[in-house]
Amino acid sequence: MAYQKVLVDNTSCSRRFHITFNDESQAVAHTEVRCNYCDEVVFGLDNHPPIRLAREENLTKMNRLSENVISNCSFEDTMPKG
């Protein structure tokens, strides 16, 4: 198994996503990871081994971003006001 990891930083919601895959796995037509909070596609690839979200964390240092930077975020606060 050749474990690979890709980091994706979202500057809009200040999250860092750790995406992993096994590069020896069979390729699939399309694979993607979606945000657990807003359901936006964080990272997607065609004709690639399946990817999965291994971990996500708060992005604490904006001056040290990964090579993969996104800014899409559709999060809506559903907590009642009051």
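A few remarks follow.
- Filter result for D9 (touching a Lys or Arg at 6+ places or on another chain (Cβ under 9 Å) and either surrounded by 13 or more Cβ atoms within 10 Å (Cβ to Cβ) or at pLDDT 95 or above (or both)): yes
- Region 33-54, residues that are surrounded by fewer than 16 Cβ atoms within 10 Å (Cβ to Cβ), on the phi < 0 side of the Ramachandran plot and either of a type in the set (F, W, Y) or assigned to a strand (DSSP E or B) (or both): R34, Y37, V41, G44, D46, R52, A54
- Checklist (1) among the acidic types (D, E); (2) in contact with a strand residue (DSSP E or B) (Cβ under 6 Å, 6 or more places away or on another chain); (3) free of Cβ contacts under 8 Å to residues at least 40 places away in the same chain applied to D39, failing item: (2)
- Inclusion of F17 among residues that are crowded, with 19+ Cβ neighbours inside 10 Å, over 8 Å from the mean Cα position of the chain (by Cα) and either assigned to a strand (DSSP E or B) or touching a residue at least 60 places away in the same chain (Cβ under 8 Å) (or both) is not warranted.
- Residue match in region 71-82 (condition: outside any loop (DSSP other than H, G, I, E, B) and either touching a Gly at 6+ places or on another chain (Cβ under 6 Å) or not hydrophobic (A, V, I, L, M, F, W, C) (or both)): no
- Verdict on N63 being more than 12 Å from the chain's Cα centre (by Cα) and assigned to a strand (DSSP E or B): no
The values are calculated or read from the model by the stated rules, or taken from the named source; none is laboratory data. As the structure is a computational prediction, the values presented were derived from the model and not from experiment. Every residue, glycine as well, gets a Cβ built from its backbone with ideal geometry; the counts of neighbours run over all protein chains shown.
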